[in-house]
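**Q** Have a look at this one.
The values are calculated or read from the model by the stated rules, or taken from the named source; none is laboratory data. Please read these numbers as outputs of a predicted model, since none were measured by experiment. Neighbour counts run over all protein chains shown; Cβ positions are idealised from the backbone, glycine included. Areas reflect the complete protein model, heavy atoms only, side chains present, ligands, DNA and RNA absent. Shrake-Rupley method; radii C 1.70, N 1.55, O 1.52, S 1.80 Å.
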Amino acid sequence: MKYLTTIGRILFALPFGILGLNHFLMKSYYLGMVSTFIPGGGYTIIITGLALIAACISIIAKKYIQLSCLLLALLLFIFILTIHIPGLFNSTIITVLSMQTKFSTLALIELLKDLSLMGGALMIAGIYREEKTPEKS
């Protein structure tokens, strides 16, 4: 069972590292998603990318997992509030894989994805919190 949790922890962390790298490689794409009331523009994208990469490294290296997962859950919650919920009310038509779809549908999928990742981060934070406390006799 220990191998399964190790594999699961690594598989949970890897996408955050890849997404963090994408914040550097595809900055113009992410700039289009940033709401107008979020300050910093490009700097916010870079800082977010660094935070995602740091969380990935921390979770894989098994250092400060509880803190990293709590901060990651907070970051995902901010994404939900500032990107995905406003995106639900944007009904512009976009083309994805030769199919026209409403952006609000994609925003709902992204919202649900980040909500489940936030739940996973909170579960991992809870598991590693329990492991730090000494067992009662």
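**Q** Looking at region 30-62, which of its residues are of a type outside the set (A, V, I, L, M) and under 16 Å from the mean Cα position of the chain (by Cα)?
**A** Tyr30, Thr44, Thr48, Gly49, Cys56, Ser58, listed by residue number.
**Q** Restricting to region 54-77, give me the number of residues that are among the polar types (S, T, N, Q) and either exposed (fewer than 15 other Cβ atoms within 10 Å of the Cβ) or not in a helix (DSSP H, G or I) (or both).
**A** Within region 54-77, residues that are among the polar types (S, T, N, Q) and either exposed (fewer than 15 other Cβ atoms within 10 Å of the Cβ) or not in a helix (DSSP H, G or I) (or both) number 0.
**Q** To continue, here is another question. Take Gly87 and decide whether it is more than 14 Å from the chain's Cα centre (by Cα), open to solvent by less than 60 Å² (accessible area, probe 1.4 Å) and over 24 Å from Ile109 (Cβ atoms).
**A** No.
**Q** Considering only residues that are open to solvent by 90 Å² or more (accessible area, probe 1.4 Å) and either modelled with pLDDT of 95 or more or aliphatic (A, V, I, L, M) (or both), look in region 102-137 and name the one that is nearest to Arg9 (Cα to Cα).
**A** Out of the qualifying residues, it is Met123.
**Q** Tell me, yes or no, whether region 13-25 has at least one residue that is of a type in the set (A, V, I, L, M), open to solvent by less than 60 Å² (accessible area, probe 1.4 Å) and modelled with pLDDT of 95 or more.
**A** Yes, the conditions are met somewhere in region 13-25.
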